[in-house]
Amino acid sequence: MDWIVLIISGLLEAVWAIALGASKGFKRWKPTLLFVFAFVASMVGLAYAMLTISVGTAYAVWVGIGAVVTVLVAAVRGEERLTLIRALLLLLLVGAVVGLKVVS
């Protein structure tokens, strides 16, 4: 259950990062509200997961999920180019996150 909460928290990290960009410096209220909700929920979930998962592992997994999803969403939207090398590096990051779960 803790790992599921951590994964959801990582996804919420991507949500708040994307919403933060869309808020245009907190000038747009809908993305700002989404940012606040996703940020708080992500932090609560991370804190909960850290009750049983070591801080280093939990944080690395949380950041990894958030970073990969954020880049993929930006690529799908056409805001960033997903080159072969970038895709390989993202796969390496995903592999590292999975590896941390395996050895934990």
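Residues that are over 19 Å from I18 (Cβ atoms) and either out of contact with any Asp or Glu (no Cβ under 6 Å at 6 or more places or on another chain) or of a type in the set (F, W, Y) (or both): does region 64-82 have at least one? The answer is no; no qualifying residue exists. Just one of the numbered conditions (1) surrounded by 13 or more Cβ atoms within 10 Å (Cβ to Cβ); (2) β-branched (V, I, T); (3) touching a Leu at 6+ places or on another chain (Cβ under 9 Å) is not true of V63: (3).
Here is a yes/no grid of residues against (1) on the phi > 0 side of the Ramachandran plot; (2) surrounded by 12 or more Cβ atoms within 10 Å (Cβ to Cβ); (3) at pLDDT 95 or above; (4) of a type in the set (A, V, I, L, M, F, W, C):
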position	(1), (2), (3), (4)
K27	no, no, yes, no
L34	no, yes, yes, yes
A38	no, yes, yes, yes
M50	no, yes, yes, yes
I53	no, yes, no, yes
E80	no, yes, no, no
R86	no, yes, no, no
S104	no, yes, no, no
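Among the criteria (1) out of contact with any Gly (no Cβ under 8 Å at 6 or more places or on another chain); (2) open to solvent by 50 Å² or more (accessible area, probe 1.4 Å); (3) within 18 Å of I65 (Cβ to Cβ); (4) of a type in the set (V, I, T), the one I8 does not fulfil is (1).
The values are calculated or read from the model by the stated rules, or taken from the named source; none is laboratory data. Remember, predicted model here, so these are calculated numbers, not experimental data. Cβ coordinates were reconstructed from backbone atoms using ideal geometry, including for glycine residues, and neighbour counts include every protein chain displayed. We work out accessible area using only protein heavy atoms, side chains counted, and drop any ligands, DNA or RNA first. Shrake-Rupley method; radii C 1.70, N 1.55, O 1.52, S 1.80 Å.
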